[in-house]
Every structure is written in C-alpha cells, then in structure tokens.
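No value in this document is a laboratory result; all are computed from the given coordinates. Note that the coordinates shown come from a computational prediction; the quantities given were computed from them, not determined experimentally. Virtual Cβ from ideal backbone geometry, glycine too; neighbours counted across all protein chains shown.
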Amino acid sequence: MKNTLTPSRFRLAVQAGFTLFCLHAGYRFVGFVAWVSGRSETFTSKPGAVEGFLPISALMGFRHLLITGRWDPVHPAGLAIFISILVMAFLFRKAFCGYICPVGFLSGLLERAGRRMHLALIPPKWIDLPLTGVKYLLLGGFCFAVFSMDPRSLEAFLTGPYNMTADARMLQFFLAPSTLSLTVIGLLAAISLVVRNFWCRYLCPYGALLGIISLLGPTSVKRDAASCVDCGKCTRRCPSGIKVQEKSVVRSPECIGCGECVGACPVDGCLSFSVYGKKRIPWLAVGAGATATLLLAWLWAKATGHWDSALPEAMLKRFYSMF
Ligand code: SF4
Ligand code: SF4
Ligand code: SF4
C-alpha cells in the first residue's frame, strides 16, 4: 500500500496545529489582559505561549541569565521557548521555521499559491545575496544593542513597565493594526507571492540567528550521487531555493529541515536526512524532534517553576492598567 504520510502533508498538519494553538493562546490572552487591566471581573490565567512572540525580550532575558544566572521573572515562558528554539536549531536545523512558526506557515502558503501562479521565484544571485545579508545586519544590530547594555540597564529594562506589558502591546498590534502596519503587511504578502518567502529569506533576524546555529548542528540532507538520476525535482521543490541536486550534503543556513526535497525525490534512499553526513535518519525525525524539543522544554519549565511568572498579582494589575 502506498505511504500517504508524506513530508509535505506532515509539515502542513504540524504547522496548522501550531497556528491553531497560537490563535487559541491569543484568545485566552485577550481574556487575561481584560482581567488584569480591570476591564473584566472574570479571572483568566496568562497563557505563557504568547511570550514566544517577544524574541527581543527573550534575547535580553537570555543575556541576563548568562550574566546573573537568574531566570527572567517577567517573561519566564518566553525565555524557556527561546532557549528551546536555539536547541532545536542546533539539533534539527531551522525546523522552528519549517514546522512551528506561524509566520513561516503563512509565508509557505503564499509560496505555494505563488508557485501555482508560476511565480514564487528566487531572484538572481546578484540580487539574492546582498538581500540575504539584510537579516544578518538586523541580527547584528539587535545583538549589539542587547550585548552592549550594562547589567544594570538590562535589569532595569527587563523589570520596567515597557517590557512588563510588551505582550499586551503585541496583542494591540494584532487586534488594532495601524493603516501603516496593514499596508506593510499587505505589501509583504504581495511580494511573497512573487519572491519565495520574502520576509523569512531576507528580513527576519530570528531566522538569521537560527540559520547560524543550524550550521553547527549534526543534521543535514544527504544526497547519494551514485543513485541520483539528476531529475531536479528536489531543487524545484525546495522552498528555500537550495540547489539540492548539486550538493552531496546540504549545509545551508537557509535549510528549514522541511524534508520537501526528500519527499519529492523519485529514487528510494537517494535523499535523506543524516547525522554529520553519515548515519541516515528518517525524515519524520526532524519535525517530530523539533515538536518534542518544544514540548520537553514546556514540561521542564512547568515542573521547575520556569514557566509562569511569579510576579505579585497587585504588581501585574498596576502595570497592565497603566498600559
Ligand atoms: S524566518 Fe522568522 S518569520 Fe520566518 S519562519 Fe523563521 S522565525 Fe518565523
Ligand atoms: S534542502 Fe530539503 S529540507 Fe532543506 S529546505 Fe530545502 S527542501 Fe527543505
Ligand atoms: S530528486 Fe533525487 S534523483 Fe532527482 S535530482 Fe534530486 S536527488 Fe537526484
């Protein structure tokens, strides 16, 4: 019987699942903000998952952890998610982008739509290369800003009102986007139909960070040149525009571990994921491993008190009501 679980279907199912989960967390967060800011009497606990949308705050919390050894008390779940994503990038390439990030999911849907319209191109190298550098510049800027802060300023920012209510500001952005934000989002979506994964490929500093970490990790796509029939299906299917058929091992920082190339290859065993380019592993291991990494991080953080904020209720109410 034909195997109906393909990398493509599995990935879509995981991405859709995480996107629905994020929407549910967002819905609960609306209730929390209403309660904590005094607009509703009904208590709703804060879903820690929303802190995953605060990567800059998490980066600051990470540096704070490195300097002081203390876990961020304001957005503890955000830090747990951030560290698990770094671990994930090391172990499973940019599987966070390929399977979990809702923006990556939307970007992928636009890419598929663009392909159907015979668009979704990767620009020629002379445009592509300098544009790819933009996200690394942005990452460098953020890292410089965070890592050059002295410990006192860092602590003051982390425990200050702006950071404390950063998640509520993010919610505000999603619930009541300005005309400018809507225009920029619409423009990015339109460009993503024409240029494959425009935001992720050129502008996202988080993706840039994960790409750099993934270069150090053990997992990569491996091609068996002896059995390859040079059909080019892998290259055509790769959402990151990697020329898979020309490599023996794919070690690109753009590889999102999606396994689409493996699923597209018509020759059994020609393409597979591998550990250090040697031991082959099933394609399912990447997406399942990434999901398990996040789940384990959540279990660990919950069990050890590194997930829910221990800040006093009165303090939270004071800050959120100021927002
Ligand atoms: S590149 Fe950024 S926006 Fe795109 S999937 Fe990765 S983390 Fe999400
Ligand atoms: S090389 Fe394969 S696993 Fe990596 S992004 Fe391209 S299709 Fe996905
Ligand atoms: S899809 Fe498989 S057989 Fe075709 S070029 Fe790629 S690796 Fe070779």
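Contact map, the range 255-282: first residue on the phi > 0 side of the Ramachandran plot and within 16 Å of ligand 1 (Cβ to nearest atom), second residue assigned to a loop (DSSP other than H, G, I, E, B) and not small (Gly, Ala, Ser), Cβ cut-off under 7 Å, separation 6 or more or different chains; pairs are GLY257/ARG93; GLY257/LYS94; GLY259/TRP283. If the condition is being surrounded by 13 or more Cβ atoms within 10 Å (Cβ to Cβ) and assigned to a loop (DSSP other than H, G, I, E, B), then the range 1-59 contributes THR6, SER37, SER40, THR44, LYS46, PRO47, LEU54.
The set of residues in the range 262-287 that are assigned to a helix (DSSP H, G or I) and away from ligand 3 (no atom under 14 Å from the Cβ) comprises LEU284, ALA285, VAL286, GLY287.
Filtered by the rule that a residue be in contact with a helix residue (DSSP H, G or I) (Cβ under 7 Å, 6 or more places away or on another chain) and more than 9 Å from ligand 3 (Cβ to nearest atom), the range 223-241 gives CYS238, PRO239. Within the range 179-233, how many residues turn out to be within 16 Å of ligand 2 (Cβ to nearest atom) and under 23 Å from ASP268 (Cα atoms)? Total meeting the criteria: 12. Can you tell me which residue is farthest from ligand 1 (Cβ to nearest atom) among those in the range 203-237 that are in a loop (DSSP other than H, G, I, E, B) and closer than 30 Å to LEU59 by Cα? Among those residues, the one meeting the criterion is PRO218.
Would you check which residues across the range 65-77 are over 22 Å from the mean Cα position of the chain (by Cα) and touching a residue at least 24 places away in the same chain (Cβ under 8 Å) and list them? Answer for the range 65-77, where residues must be over 22 Å from the mean Cα position of the chain (by Cα) and touching a residue at least 24 places away in the same chain (Cβ under 8 Å): ILE67, THR68, PRO73. You will find that of PHE62, PHE92, PHE96, PHE18, the residue that is more than 16 Å from ASP308 (Cα to Cα) and touching a strand residue (DSSP E or B) at 6+ places or on another chain (Cβ under 7 Å) is PHE92 and no other.
If you check GLY108, GLY114, which single one turns out to be in a helix (DSSP H, G or I), within 18 Å of the chain's Cα centre (by Cα) and of a type in the set (Gly, Ala, Ser)?
None of the others qualify; the one that does is GLY108.
With the checklist (1) part of a helix (DSSP H, G or I); (2) touching a residue at least 12 places away in the same chain (Cβ under 8 Å); (3) surrounded by fewer than 17 Cβ atoms within 10 Å (Cβ to Cβ) in hand, flag the one item CYS200 doesn't pass. Among (1) part of a helix (DSSP H, G or I); (2) touching a residue at least 12 places away in the same chain (Cβ under 8 Å); (3) surrounded by fewer than 17 Cβ atoms within 10 Å (Cβ to Cβ), CYS200 violates only (3).
Among residues of the range 89-106 that are farther than 22 Å from ILE185 by Cα, those with a beta-carbon under 6 Å from a residue that is among the β-branched types (Val, Ile, Thr) and assigned to a helix (DSSP H, G or I) at least six positions away or on a different chain give the pairs ALA89/ILE213; PHE90/ILE213; PHE92/VAL286; ALA95/VAL286.
Could you please let me know if ALA290 is away from ligand 3 (no atom under 13 Å from the Cβ), small (Gly, Ala, Ser) and buried (at least 24 other Cβ atoms within 10 Å of the Cβ)? Judged against the criteria, ALA290 is a match.
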